[in-house]
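Visitor: I have a structure here, written as structure tokens, and I will follow up with some questions on it.
The values are calculated or read from the model by the stated rules, or taken from the named source; none is laboratory data. Please read all numbers here as calculations on a predicted model, not as lab measurements. Glycine also receives a Cβ, built like all others from the backbone with ideal geometry; neighbour counts cover every protein chain displayed. Quick note on the areas: whole protein, heavy atoms, side chains included, nothing else; ligands and nucleic acids left out. Shrake-Rupley method; radii C 1.70, N 1.55, O 1.52, S 1.80 Å.
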Amino acid sequence: MAIRRAWAEGYQVTCSEVDFKHFLKVSNLFNYFQDTASLTIDSLGLGVDSFKENKGFAWILTRIRLEIIRMPRYDEEITVTAWYQDHKKWDFQFDFLVLDSEGRKLAGAVTTWMMLDIATREIRTSDQLGKIV
């Protein structure tokens, strides 16, 4: 599998994103993934708005596999990188990597997405999308 396009985004963990022990909540880690994935997919011309307008499709997350080595802490600066890995007939894979400010791996995830036709609520195949950069 070849990496098609990667996007890295920096974040600073805020007070409202942590638990009582000052570690980032998993739900907020997923928010970082979603935000970074959105920027990645926008760079491919398949962002939420253009995808809906041009194709009538929406992205739906169907699976996520998460590996946590260490959760980021309050006020820590991290980088989340997302990249489009490959696609099959029915699904698309995006991977994520979370690094601390020293470049050490904190977490990673592999996600699987499908395309939903908004009008019919049917899953669409990758060949209906056309070529992906």
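Visitor: Got a number for the accessible area of Asp35? Probe 1.4 Å, square angstrom, nearest 10.
Guide: 80
Visitor: At 7 Å along Cα-to-Cβ for each site, give me the label-to-label distance between Asp75 and Leu116 in nm.
Guide: For the pair Asp75/Leu116, the computed spacing is 4.1 nm.
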